[in-house]
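Every read-out reported here was derived from the displayed coordinates using simple, explicitly stated rules and does not represent laboratory data. Computed from a predicted structure; not experimentally measured. Here the Cβ positions follow ideal geometry from the backbone for every residue, glycine too, while neighbour counts run over all protein chains shown.
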Amino acid sequence: MDATPTPDLDPRQLAQTQRRRLQGALLGWLGFVALLGVMQVLSIAWPGLRGLGVVPLSLPGLSGLLAAPLLHADAGHLLSNAFALVVLGTLVSSVYPKAASRIVLAGWLGAGLFTWLLGRPSIHLGASGLVHALFFALFVLALLRRDRPAVVAAMVAVMLFGGMLLTVLPQEWRVSWEMHAGGALSGLLAAWRWRRLDPPPPRRLYSWEEEERAAEALAEAKVIDAGTYEPARPEAVPVLWQRPAPQEERGTVLAFRRPPPEGD
């Protein structure tokens, strides 16, 4: 990525913009977790809602592509995903505001579709597929972009949820590793597809960069001044005198008479 520095950047305005973006992302994901809490209460009142999860290779089970991330087996299942959703979702939405909605949609549908095609015969539900999509998107975007916000966001994600790198493999029978693997694959592909959707963040120039730019501007100004006030260099010099052609008479040659010998 071309991280072009911006010399006339207002740090206060940039900080305010980033703060507003972070607050908006945090409030949005807290609202989504609150919605999951409401759905959990409704699933307790109507247990049949849990049947709307992903059922592999079943036409009715396709409804889980939309409904499965909103439903959880129990409160512990919900709480295990809630914290990760808030942290990872806030990071994605604040660092990649343009690509965030596409990453979320890819993780939401991709995890369910992968599970529907390759999952075990069971009911798969929960937002863990979306969580893995967010985590792997942050991880891959840091490797692809390598700008400071991307790297910092990925470091926070790895420090808090680094174990997700291994939960894409089969472990406990009650844990849908298929949803995890599908979400991870979806996040990876989404990161690759939309890695350039958000422009690189602007940065201030270092002192040595400012000196180099000032020197380049001064040299350019000198070139402009020279081209403005100095006469143009002539392409040819006019000839004021030409040598006569060889065949023309250029003068008279007088014969040299030798003196007579002595004694004559």
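The table below gives the values:
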{"quantity": "Exposure proxy ranking, count of Cβ atoms within 10 Å, fewest first, for F32, F135", "calculated": "F32, F135"}
{"quantity": "Projected label distance in nm at R20 and L59, using a 7 Å step from Cα toward the beta-carbon", "calculated": "5.0"}
{"quantity": "Footprinting exposure proxy for L185, L166 (fewest neighbouring C-beta atoms within 10 Å first)", "calculated": "L166, L185"}
{"quantity": "Furthest towards positive pole of dipole, L189, V151, A67, structure part the range 11-193, Cβ charges", "calculated": "V151"}
{"quantity": "Cβ charges +1 (Lys, Arg) and -1 (Asp, Glu), total dipole of the range 1-151, debye", "calculated": "100"}
{"quantity": "Relative contact order [Cα under 8 Å, 6+ residues apart], the range 11-193, whole percent", "calculated": "25"}
